[in-house]
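Visitor: Please find one structure pasted underneath; my questions will follow.
The values are calculated or read from the model by the stated rules, or taken from the named source; none is laboratory data. Here the structure is a predicted model, which means the values were calculated and not measured. Here the Cβ positions follow ideal geometry from the backbone for every residue, glycine too, while neighbour counts run over all protein chains shown. Note: accessible area is taken over every heavy atom of the protein model, side chains too, but ligands, DNA and RNA are not part of it. Shrake-Rupley method; radii C 1.70, N 1.55, O 1.52, S 1.80 Å.
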Amino acid sequence: MIKFLPFDTSLFGYRVGKLQLGRCLPDLDRVHNQAKNFDLIYVMGKPGLVKLGGWSPISTRVDLVKNIIKSDFIKDSSLHNEVEISEMIISGELSQTDQKDLRELVFTSGQWSRFKQDLLLGNQEYEKLYSTWWETIKEQNHSVIVARISGKLVGFITFKLLRGRGHVDLFAVKGSEQGRGIGRQLMYKVFVKLNSLGFNLIGLSTQKANKRAMEFYKKIGFQPIKETLIAHWRPGLKPQNIN
């Protein structure tokens, strides 16, 4: 019922599990009995079920997809020409400046993460997770597209091929450079790259509370296909049923 998560447990330093809700609530007595073996449990499911079970939600994840079409390859002439977009080979040696800038961008990409929003997490879970996520992306040779202005990294996007389509993992533009079309240029490069590989479907996930991201994805043609409410349950704090 509650699935033990060895990766999260090892990374955070305490026992972590996941409760994925189906079409109806499980036997809550059994769930609470099993939960005694965990310090933190991710409860995921349809919004109504999570609330009905009495778990306090921390975020709503939205999964979005887009069919890449011909008009996506028409580059917007109004975008800033001083921005240089290129593919980066992460497996090679990076300069200290690039390493520093990429690290900052990685953490920027997770500002709306549930691990950042949950104020009760106090064991540097957010920092550990995103640092490890970046190392995994490097090891698995995910594609990384970067944006530079005068040689300085100001944005990046990473993606991989997953179940017959492209999937965006991390995506961020430096705060001071947002609103200048850099994100659109990065995504345009991803569309071109995927199309050249024979893939015309792309997916990603974001947080519903991140209104800016939701609006951006809507403008460039992404459609939401699924919403998942997520709660961080600490079994030591008994949840109260919500009517």
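Visitor: Determine the relative contact order of the chain: mean sequence separation of Cα pairs under 8 Å and six or more apart, normalised by residue count, in whole percent. Each step should come with its number before you reach the end.
Guide: On the way: 407 pairs, mean separation 82.6, N = 243.
The value is 34 percent.
Visitor: Roughly how many percent of the accessible protein surface of the range 1-125 is carbon and sulfur, given a 1.4 Å probe and a whole-percent answer?
Guide: Ligands and nucleic acids excluded, carbon and sulfur give 49 percent.
Visitor: Give the accessible surface of the chain per residue, rounded to a whole number of Å², with probe radius 1.4 Å and ligands, DNA and RNA excluded.
Guide: Dividing the accessible area of the chain by its residue count gives 55 Å².
Visitor: Let me ask something else. What dipole magnitude, in Debye to the nearest 20, does the chain give about its Cα centre under +1 on Lys/Arg Cβ and -1 on Asp/Glu Cβ?
Guide: 800 debye
Visitor: Same structure, new question: Explain nothing, just compute: Karplus ³J(HN,Hα) = 6.51 cos²θ - 1.76 cosθ + 1.60, θ = phi - 60°, for every residue of the range 172-183 in order, whole Hz, x for Gly and Pro.
Guide: For the range 172-183, the Karplus curve yields 7, 10, 3, x, 5, 10, 5, x, 10, x, 5, x Hz.
Visitor: State, as an integer percentage, the relative contact order of the range 149-243 based on alpha-carbon contacts under 8 Å between residues 6 or more apart. Display every interim value, and only then the final one.
Guide: Values: 68 pairs, mean separation 20.8, N = 95.
So the answer I get is 22 percent.
Visitor: Okay, next question. Helix 96-109 versus the longest principal axis of the chain: what angle, 0 to 90°, nearest 10, using Cα atoms?
Guide: Between the helix axis and the principal axis of the chain, the angle is about 50 degrees.
Visitor: The chain: percent of C-alpha pairs farther apart than 23 Å?
Guide: 55 percent
Visitor: Would you work out the Kirkwood radius for the range 146-201? I mean one over the mean of 1/r across all pairs of different Cα atoms, in Å.
Guide: This gives a value of 11.9 Å.
Visitor: Then there is this: Hey, what number do you get for the chain at 222 nm if only DSSP H runs of n ≥ 4 count, each worth -39500 (n - 2.57), divided across all residues, to the nearest 500?
Guide: Working: 8 runs with 78 residues, N = 243.
Estimated from H runs of four or more residues: -9500 deg cm²/dmol.
Visitor: Check the range 12-71 and count each lysine pair with an alpha-carbon distance under 22 angstrom, considering only pairs eight or more places apart or from different chains.
Guide: On the way: Lys18/Lys36; Lys18/Lys46; Lys18/Lys51; Lys36/Lys51.
Qualifying lysine pairs in the range 12-71: 4.
Visitor: What do you get for Rg/Rh of the range 166-243 when both radii come from the Cα atoms and Rh is the Kirkwood radius?
Guide: Looking at the range 166-243, the ratio lands at 1.11.
Visitor: Using a 1.4 angstrom probe with every protein chain in place, what is the largest-first accessible-area order of Trp112, Trp233?
Guide: In descending accessible area the options line up as Trp112, Trp233.
Visitor: Just the C-alpha atoms of the range 36-148: what Rg/Rh do they give, with Rh taken as the Kirkwood radius? If you can, show how the numbers build up before the last one.
Guide: On the way: Rg = 19.0 Å, Rh = 18.0 Å.
Rounded to two decimals, Rg over Rh is 1.06.
Visitor: When the accessible area of the range 156-239 is computed with all protein chains present and a 1.4 Å probe, what percentage of it is carbon and sulfur?
Guide: 50 percent
Visitor: Something else about it: What residue among Arg103, Arg180, Arg163 has the largest mean-square fluctuation in a Gaussian network model of the chain, using Cα springs under 10 Å?
Guide: Arg163
Visitor: Sort the following peptides by mean Cβ neighbour count (other Cβ atoms within 10 Å, averaged over residues), highest first: 143-151, 82-90, 16-24.
Guide: 143-151, 16-24, 82-90
Visitor: With all protein chains present, calculate the accessible area of Asp39 using a 1.4 Å probe and round the result to the nearest 10 Å².
Guide: Spelled out: Asp39, probe radius 1.4 Å, area about 90 Å².
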